[in-house]
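The values are calculated or read from the model by the stated rules, or taken from the named source; none is laboratory data. If you're wondering where the values come from, they're calculated on a predicted model, not measured in any experiment. Every residue, glycine as well, gets a Cβ built from its backbone with ideal geometry; the counts of neighbours run over all protein chains shown.
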Amino acid sequence: MNVTQATLLQNGRIIDPALNIDEPGDLLIVDGIIRQQGKARSIACPPNCESIDLHGKWLVPGLIDMHVHLREPGEEYKETIASGTRAAAAGGFTAVACMPNTSPVNDNQSVTSLILTKAAAEGSARVYPVGAISKNSKGTELAEYGELKKAGAVAVSDDGRPVANSQLMRRALEYSGNHNLLVISHAEEVSLSENGVMNEGALSTRLGLRGIPTVAETIMIYRDLALAEYVGRPIHIAHISTRESVDLIRRAKMRGCRVTAETAPHYFTLTEEAVGIYNTRAKMNPPLRAADDLAAIREGLRDGTIDAIATDHAPHSAMEKDVEFDQAANGIIGLETAVPLSLALVRENVLSPARMIELLSVQPARMLGVAGGSLAAGNPADITVIDPEKSFIYREENVVSKSGNSPFLGWELTGKAVLTIVAGRITFREL
Amino acid sequence: MESEYRFQHKHILGIEELSDRDICFILDTAESFKEISQRPIKKVPTLRGKTVIHLFFEPSTRTRLSFEIAAKRMSADTFNIAAATSSARKGETLIDTAKNLTSMKPDIIVIRHSSSGSPHLLARHIKASVINAGDGTHEHPSQALLDMMTVREKKGKIAGLKIAIVGDISHSRVAHSNIIGFTRMGAEVHVSGPATLIPAGIKELGAVVSHRVEDAVADADVVMALRIQKERQLDPLLPSLREYAAFFGINRTLMKLAKPDAIIMHPGPINRGVEMTFDVADGDQSVIMDQVTNGVAVRMALLYLIMGGEDR
């Protein structure tokens, strides 16, 4: 006998850009599905239904992070599918797309299946595996996109190991069309960035650190846009960090190129100055850039040039981070800080609340071709509740991820996910 | 107030952290120590009972010897750890090394390391004072101090001088420390070299950049050549050492453009025939050996000052 499970979320500020809604309302979840959405106090609580009052909170479609590293299989000491998705839930994410640079690389159906099996058994968020563009992400042979897709991959990328060979990138763009997989480009011309550890400029010179010029990113975006347009396929550019990248993508969109792009909260929050006195928690790839780049990234988020905010959540242990700056691994964790850092842009009037939810939910769902991104009745109940006023100090002991490599530790942040629901199941609750 | 000045640095990590007052005070102290090295018995008891560890992760002859002589002339106990014999080869991290050294209660660690910022990392994890003896392409403060000491000695001042630094500015920690130091002391620093070896944003450090080496050297009071490393050809940064020598090497013809009493410096070791010709390196204007002599005095001063400058 089926027991009906119902939850009524009452009197929240429902922000659902897909339905063009931004007003107080109620939302009824029955058996993991959104049953009904209505005006505040308009929905009655059915029998055995838990009702949760959301006065003053945002009730939004579940946030989707299209760019994370879960480290499993292979580097479980940094993060696991279980711990990474717990961090996702704590940060308000109901789904994550995990990059293939695990060990072994997710370039085949077995690894994809393993990730999905683990996620189903231990996960606190939906997990969408991203397969590799090339076998072992070596950049020489195409991975088996058909098998990857069948096993559950939603996109392909050689994230972390940029595709140097233009012919391979062309073939990847062509062949991904047969299997309807989005190609995600980690745009980096390695001959220009090799051995670089921070943004190239006066500061890298002052610190005696080898620089990564902005053109290392833009040259590759140029190439990938040219290839995508030539073969007539869409392309998604990951973690853009420079003004020129934003300009290039804006112009490409204007002429009708099917390009989408994401940036990460650190690129619209921090500049290269965060490196300070060799702070390895401010080391990532691409590197933190100059103030002018940060301004351009913010403008790109505002005007629609950039389609998504993705965290590039990249857990590393102290072993990789508490070392000499040039020896330290690239990357920071981001799942638990994306909401407050994005809300900062709302408070500064860079983004409207609806635009923020587009960037964190609606568009990632659309680009990846996955469920979610809307609170319309009949959709799976993937829901995030955000308290935009809640302030907290982000402390190491409160980090949910297995790793603590964040430049935001010790920051006082405002705005937090307080309730995360995946298919009707509460994965995180702090209210 | 003049009398209120006190040297207050626990570590010497870079010229960047030193004010013009600090630099002046170090140079004054070094000058007063210079005489010790001219005595028949070249030893004072100032640092007796202090332990100085020279932690060198990069090969060095001159700098390490200079630091060691400085420490020994001050009666400190000195120990050398070279990378080849250290735990670094066994995979020990720098922080672990720092913790282990701390357990043995040293007073000063002199570190040279190929990673920029490693002295800063060490200083964060160790109780002892840290002296940076060269970190990556970042800084080499004791070299810049001995260069400034030599210039002040020969020219009577630093402020108002034109200093030309020629060569591989990008990879030279000596150049970085000197640009900061000489600029802070009121000199005008001009740099020149192949554009491939001039780093981004060097102007913001205070240097004037000249494409033509002749412009940098013209009317200069000091001409400093930097070492060109052979592996720079591979990057590719240089077509050949031969071409470098022809267009950027310091020779007599070029020196005619400088002030008649200009001095010639080099942090060593010299690639003769590349950065400068034999005759220039050994000529009357060369103060290269004075730099080496002053190196000992400057390092004595640094050891003394970071130990609190007492019991003199």
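For residue A:328, are the conditions met, namely being in contact with a Ser or Thr (Cβ under 7 Å, 6 or more places away or on another chain) and within 14 Å of another protein chain (Cβ to nearest Cβ)?
So residue A:328 passes the test.
Looking at the range A:164-174, can you tell me whether even one residue there is touching a Phe, Trp or Tyr at 6+ places or on another chain (Cβ under 6 Å) and on the phi < 0 side of the Ramachandran plot?
No, the range A:164-174 has no match at all.
Of the residues that make up the range A:247-268, is at least one among the hydrophobic types (A, V, I, L, M, F, W, C), within 14 Å of chain B (Cβ to nearest Cβ) and assigned to a helix (DSSP H, G or I)?
No; the residues of the range A:247-268 include none that is among the hydrophobic types (A, V, I, L, M, F, W, C), within 14 Å of chain B (Cβ to nearest Cβ) and assigned to a helix (DSSP H, G or I).
So residue A:341 passes all but one of these: (1) aliphatic (A, V, I, L, M); (2) assigned to a helix (DSSP H, G or I); (3) over 27 Å from residue A:237 (Cβ atoms). Which condition number does it fail?
Unmet for residue A:341, out of (1) aliphatic (A, V, I, L, M); (2) assigned to a helix (DSSP H, G or I); (3) over 27 Å from residue A:237 (Cβ atoms): (3).
Among the strands (runs of 3 or more DSSP E) confined wholly to the range A:24-92, which include 2 or more residues that are touching a residue at least 40 places away in the same chain (Cβ under 8 Å), touching a helix residue (DSSP H, G or I) at 6+ places or on another chain (Cβ under 7 Å) and of a type in the set (Val, Ile, Thr)?
Filter on the range A:24-92 gives A:63-68.
Which ones in the range B:199-211 are surrounded by fewer than 20 Cβ atoms within 10 Å (Cβ to Cβ) and at the interface with chain A (Cβ under 10 Å from one of its Cβ atoms)?
If the condition is that a residue be surrounded by fewer than 20 Cβ atoms within 10 Å (Cβ to Cβ) and at the interface with chain A (Cβ under 10 Å from one of its Cβ atoms), then B:200, B:201, B:203, B:204, B:205 are the ones that fit.
So in the range A:372-412, with the set limited to residues that are acidic (Asp, Glu) and surrounded by 17 or more Cβ atoms within 10 Å (Cβ to Cβ), which one is nearest to residue A:337 (Cα to Cα)?
Top of the filtered list is A:387.
For the subset of the range B:106-119 comprising residues that are at pLDDT 95 or above and either surrounded by fewer than 23 Cβ atoms within 10 Å (Cβ to Cβ) or in contact with a Cys (Cβ under 8 Å, 6 or more places away or on another chain) (or both), which member is farthest from the other protein chains (Cβ to nearest Cβ)?
Step by step, filter the range B:106-119, then rank; the result is B:107.
Confirm whether residue B:214 is within 14 Å of chain A (Cβ to nearest Cβ) and either free of Cβ contacts under 8 Å to residues at least 12 places away in the same chain or in a helix (DSSP H, G or I) (or both).
no
Within the range A:151-189, can you find the residues that are farther than 21 Å from residue A:116 by Cα, of a type outside the set (A, V, I, L, M, F, W, C) and either within 14 Å of another protein chain (Cβ to nearest Cβ) or assigned to a loop (DSSP other than H, G, I, E, B) (or both)?
The answer is A:160, A:161, A:162, A:165, A:186, A:188, A:189.
Of all residues in the range A:161-174, which are touching a helix residue (DSSP H, G or I) at 6+ places or on another chain (Cβ under 8 Å) and surrounded by fewer than 19 Cβ atoms within 10 Å (Cβ to Cβ)?
A:164, A:166, A:174
Give me a count of the residues in the range B:136-157 that are farther than 13 Å from residue B:17 by Cβ and within 12 Å of another protein chain (Cβ to nearest Cβ).
3
Report yes if some residue within the range A:296-309 is under 21 Å from residue A:84 (Cα atoms) and modelled with pLDDT of 95 or more; otherwise report no.
Checked the range A:296-309: at least one residue is under 21 Å from residue A:84 (Cα atoms) and modelled with pLDDT of 95 or more.
The conditions are (1) within 24 Å of the chain's Cα centre (by Cα); (2) on the phi < 0 side of the Ramachandran plot; (3) not hydroxyl-bearing (Ser, Thr, Tyr), and residue A:239 fails exactly one of them. Which is it?
(2)
Pull up the range B:88-103, narrow it to residues that are at pLDDT below 75 and within 14 Å of chain A (Cβ to nearest Cβ), then point me to the one that is nearest to residue B:51 (Cα to Cα).
Filtering first and then ranking leaves B:88.
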